[in-house]
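Values quoted throughout were computed directly from the atomic coordinates according to the rules given, and no laboratory measurement underlies them. A quick note: this is a predicted structure, and the numbers were derived from the prediction, not measured.
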Amino acid sequence: MSYTADNTLISNREMIGQLLTRIGNALAIPFVAMVEASAANAILEELNETTDEEFAAQGTTRADAALKAFGRYGY
């Protein structure tokens, strides 16, 4: 058992949990950055910004546009 910065007593299990959470967060940050920088994410953002009326004017649906954009990924 140990004390935290605010003088509360925590168990070893809690300390290990906090340590693993911090390590997991530190490892996840680069992966999130890679996903946000990917071309697929840019396509997804463009699809989200397009309104249903714009799709109707193009003669397609949101589902068709998504299939066309992401079909090569196996979605």
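Starting from the exponent 0.38 and prefactor 2.2 Å, build the expected Rg for the chain from its residue count and divide its actual Cα Rg by it.
Computed over Cα atoms of the chain, the ratio equals 1.96.
Mind listing the phi-derived Karplus ³J(HN,Hα) values for the range 30-37, rounded to whole Hz, using 6.51, -1.76 and 1.60 with θ = phi - 60°, and x for any glycine or proline?
x, 5, 5, 5, 5, 5, 5, 8
Using only Cα atoms, find the angle between the long axis of helix 39-49 and the longest principal axis of the chain, and express it within 0 to 90 degrees, rounded to the nearest 10.
Computed tilt is about 70 degrees.
For the chain, what does the relative contact order come out to in percent, with C-alpha contacts under 8 Å and a separation of six or more?
15 percent
Hey, what do the phi angles of the range 18-26 turn into as Karplus ³J(HN,Hα) couplings, whole Hz, using 6.51/-1.76/1.60 and θ = phi - 60°, x for Gly and Pro?
Result, ordered by residue: 5, 5, 5, 5, 5, 5, x, 5, 5 Hz.
As a check on your grasp of the helix formula, calculate [θ] at 222 nm for the chain: sum -39500 (n - 2.57) over DSSP H runs of n ≥ 4, divide by the residue count, round to the nearest 500.
Helices in the chain give a 222 nm mean residue ellipticity of -22500 deg cm²/dmol.
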